[in-house]
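The values are calculated or read from the model by the stated rules, or taken from the named source; none is laboratory data. As the structure is a computational prediction, the values presented were derived from the model and not from experiment. Cβ sites come from the backbone with ideal geometry, for glycine too, and all protein chains shown count toward neighbours.
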Amino acid sequence: MKNIKKDSKIIGRERELIIERIKQEKDFTDWITLSSSLLFSAKYALDFKTFAAQTFYNKVKQVNYSCDGYLDGLTVVQSDYYNVYLEYKNAPNALFVFDPPYLATDSSTYSSDNYWKLKDYLNVLRTLDGVEYVYFTSEKSSIIELLTWIEKTYNITSPFSGAKKIEIGTQMNHVSRYVDIMLYKISA
């Protein structure tokens, strides 16, 4: 890949070499990482056949990330979100970071046993009450619109009430655009 220009299409012998290398390891392949490094933006494959049928692009990260010291002083916990919530909801200085699959967006990269249903989104929203949080979503997800409608129609306070919002426009290609949204409530 070092001789292929960043974001350029990978064709010919280079493409064949990539496919051959993946065939050697296909039982131990992280398809999501390979997809983000070699397929067009937001395209993902979950198996060799689907992956090999795609057009490849050089989207490989060029440098290693360095985050030395970045998380010093923090306790990072990785577990089912609800177990973490129950353990830390009353802890001082706890900040919950929520990045659920976006409501009404493509969830084909999730296995069927991990597929999120509407009740799962609503259960996450229930945990926002009374805690400091950062919540990621997208304009493609209609969660903010849904909660605004519920708040106005049924006079029920939205879990996002009082949260600050940051929006970042993203352009994936010349026709595909969307807005990423971060909502946060921190009492600092």
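Quick one: residue 57 ticks every box in (1) closer than 30 Å to residue 142 by Cα; (2) surrounded by 13 or more Cβ atoms within 10 Å (Cβ to Cβ); (3) in contact with an Asp or Glu (Cβ under 9 Å, 6 or more places away or on another chain) bar one, so which box is it?
(1)
Counting only residues that are touching a Lys or Arg at 6+ places or on another chain (Cβ under 7 Å) and outside any strand (DSSP E or B), how many does segment 150-186 have?
Going through segment 150-186 one residue at a time, the tally reaches 2.
Residues being under 23 Å from residue 178 (Cα atoms), in a loop (DSSP other than H, G, I, E, B) and polar (S, T, N, Q): count how many of those fall in segment 17-53.
Summing the residues that are under 23 Å from residue 178 (Cα atoms), in a loop (DSSP other than H, G, I, E, B) and polar (S, T, N, Q) in segment 17-53 gives 1.
Taking interchain pairs and intrachain pairs at least six residues apart, which have beta carbon atoms under 6 angstrom, with the first residue in segment 47-63 and under 16 Å from residue 31 (Cβ atoms) and charged (D, E, K, R) and the second at pLDDT 85 or above and surrounded by 12 or more Cβ atoms within 10 Å (Cβ to Cβ)?
Listed pairs, sorted by first residue: 59/37.
So which of 83, 3 ends up being farther than 30 Å from residue 186 by Cβ and out of contact with any helix residue (DSSP H, G or I) (no Cβ under 7 Å at 6 or more places or on another chain)?
On the way: 83 fails: farther than 30 Å from residue 186 by Cβ.
Checking each option against the conditions leaves just 3.
Evaluate segment 54-71: report whether one residue or more is modelled with pLDDT under 85, of a type in the set (Ser, Thr, Tyr) and closer than 28 Å to residue 116 by Cα.
Within segment 54-71 (the criterion being modelled with pLDDT under 85, of a type in the set (Ser, Thr, Tyr) and closer than 28 Å to residue 116 by Cα), the answer is no, since none of the residues qualifies.
All but one of (1) in contact (Cβ under 8 Å) with a residue 60 or more places away in the chain; (2) touching a Ser or Thr at 6+ places or on another chain (Cβ under 7 Å) hold for residue 42; state the number of the condition that does not hold.
Evaluating residue 42 over (1) in contact (Cβ under 8 Å) with a residue 60 or more places away in the chain; (2) touching a Ser or Thr at 6+ places or on another chain (Cβ under 7 Å) leaves (2) as the failure.
Only one of these is touching a residue at least 24 places away in the same chain (Cβ under 8 Å) and in the same structural domain as residue 179 (by TED's automatic domain parsing): 135, 154, 121. Name it.
Checking each option against the conditions leaves just 135.
Working only within segment 62-105, note down all residues that are under 21 Å from the mean Cα position of the chain (by Cα), surrounded by 10 or more Cβ atoms within 10 Å (Cβ to Cβ), in a loop (DSSP other than H, G, I, E, B) and not polar (S, T, N, Q).
77, 99, 100, 101, 102, 103, 104 - these are the residues of segment 62-105 that are under 21 Å from the mean Cα position of the chain (by Cα), surrounded by 10 or more Cβ atoms within 10 Å (Cβ to Cβ), in a loop (DSSP other than H, G, I, E, B) and not polar (S, T, N, Q).
Within segment 163-171, is there a residue that is touching a helix residue (DSSP H, G or I) at 6+ places or on another chain (Cβ under 8 Å) and within 16 Å of residue 102 (Cα to Cα)?
Within segment 163-171, none of the residues are touching a helix residue (DSSP H, G or I) at 6+ places or on another chain (Cβ under 8 Å) and within 16 Å of residue 102 (Cα to Cα).
Among the residues that make up segment 158-177, is at least one of them in contact with a Gly (Cβ under 8 Å, 6 or more places away or on another chain), without any contact (Cβ under 8 Å) to a residue 40 or more places away in the chain and surrounded by 11 or more Cβ atoms within 10 Å (Cβ to Cβ)?
Of segment 158-177, the ones in contact with a Gly (Cβ under 8 Å, 6 or more places away or on another chain) are 177.
Remaining after also requiring without any contact (Cβ under 8 Å) to a residue 40 or more places away in the chain: 177.
Subsequent filtering for residues that are surrounded by 11 or more Cβ atoms within 10 Å (Cβ to Cβ) retains 177.
Yes.
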